[in-house]
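Data first, discussion second: the structure below is written as structure tokens.
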């Protein structure tokens with residue numbers, strides 16, 4: 001036992017096994033926290049847009065506008081909607097037929113996923129069709145999973161250490177349990193084998209008795225025409 005543990009030389013095996021089984025529960029809780037962390041979606045910080053029909057590629061820092069049909073507006077009488085500007089963003093990276101934008105400014109409920117086109121907000125020549133959209137999260141989702149799992153495992157391990165190694169009442173209980181376990185008169189191998197054969201014989205004997213009773217009742221109920229006799 002480590003230094004500082006309450007009565008470290010007493011109840012060793014009971015305390016160790018208690019810590020082991022409690023540790024298994026803590027790890028199970030950590031696995032649960034890992035799965036729950038996968039359900040948490042980080043906010044989208046920037047978007048990677050794949051473009052087609054690019055005219056005059058933009059420069060870094062250019063302000064662009066997103067054009068598309070606003071899904072929050074009702075349809076007109078003829079069932080159509082005119083594309084409009086849904087929001088703005090700043091170009092942070094330029095690749096061949098692809099740009100990354102951040103500093104998004106969109107109306108509530110809107111984002112680049114509803115846009116069909118992107119163009120220069122300053123009246124420049126840049127314009128392109130959007131054929132692919134990928135949101136880039138503000139942080140990696142796995143970091144949330146690691147934080148949750150690590151927090152559960154760390155807290156659980158600390159509680160196990162406190163209650164098994166430091167807390168006086170629980171330690172006294174475990175020490176007393178270890179003392180009572182030493183008083184148990186464990187059966188010998190010969191006694192266990194003999195008891196097992198007795199149980200097996202008793203099971204067969206009870207099964208045969210119940211089969212006989214069932215057979216007699218079946219004959220009786222067929223005789224009084226309660227059960228129909230099956231014919232092949």
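Looking at the stretch 100-116, is at least one residue part of a loop (DSSP other than H, G, I, E, B), more than 17 Å from residue 49 (Cα to Cα) and out of contact with any strand residue (DSSP E or B) (no Cβ under 9 Å at 6 or more places or on another chain)? Outline the logic, then answer.
Step one: filter the stretch 100-116 for residues part of a loop (DSSP other than H, G, I, E, B), giving 107-111, 115-116.
Imposing the further condition that a residue be more than 17 Å from residue 49 (Cα to Cα) reduces the set to 107-109.
Add one more test, that the residue is out of contact with any strand residue (DSSP E or B) (no Cβ under 9 Å at 6 or more places or on another chain), and what stays is 108-109.
Within the stretch 100-116 (the criterion being part of a loop (DSSP other than H, G, I, E, B), more than 17 Å from residue 49 (Cα to Cα) and out of contact with any strand residue (DSSP E or B) (no Cβ under 9 Å at 6 or more places or on another chain)), the answer is yes, since at least one residue qualifies.
Report yes if some residue within the stretch 92-106 is touching a helix residue (DSSP H, G or I) at 6+ places or on another chain (Cβ under 7 Å), on the phi < 0 side of the Ramachandran plot and either at pLDDT below 90 or assigned by TED's automatic domain parsing to the domain that holds residue 62 (or both); otherwise report no. Show your work before the answer.
Step one: of the stretch 92-106, the residues touching a helix residue (DSSP H, G or I) at 6+ places or on another chain (Cβ under 7 Å) are none.
Within the stretch 92-106 (the criterion being touching a helix residue (DSSP H, G or I) at 6+ places or on another chain (Cβ under 7 Å), on the phi < 0 side of the Ramachandran plot and either at pLDDT below 90 or assigned by TED's automatic domain parsing to the domain that holds residue 62 (or both)), the answer is no, since none of the residues qualifies.
Suppose we filter 53, 4, 68 for residues that are in contact with a strand residue (DSSP E or B) (Cβ under 6 Å, 6 or more places away or on another chain), exposed (fewer than 15 other Cβ atoms within 10 Å of the Cβ) and farther than 30 Å from residue 143 by Cβ; which single one remains? Full working, then the answer.
Numbers: 4 fails: in contact with a strand residue (DSSP E or B) (Cβ under 6 Å, 6 or more places away or on another chain); 68 fails: exposed (fewer than 15 other Cβ atoms within 10 Å of the Cβ).
Unique residue meeting the criteria: 53.
Test each condition in (1) surrounded by 17 or more Cβ atoms within 10 Å (Cβ to Cβ); (2) more than 21 Å from residue 45 (Cβ to Cβ); (3) without any contact (Cβ under 8 Å) to a residue 60 or more places away in the chain for residue 149 and report the one that comes out false.
Result: residue 149 passes all but (3).
May I ask you to list the residues in the stretch 120-145 that are touching a helix residue (DSSP H, G or I) at 6+ places or on another chain (Cβ under 7 Å) and farther than 15 Å from residue 94 by Cα?
Within the stretch 120-145, the first condition is being touching a helix residue (DSSP H, G or I) at 6+ places or on another chain (Cβ under 7 Å), and the residues that meet it are 133, 144-145.
Scanning the stretch 120-145 gives 144, 145.
The values are calculated or read from the model by the stated rules, or taken from the named source; none is laboratory data. Note that the coordinates shown come from a computational prediction; the quantities given were computed from them, not determined experimentally. Using ideal geometry, Cβ is built from the backbone for each residue, glycine included, and neighbour counts are taken over all protein chains shown.
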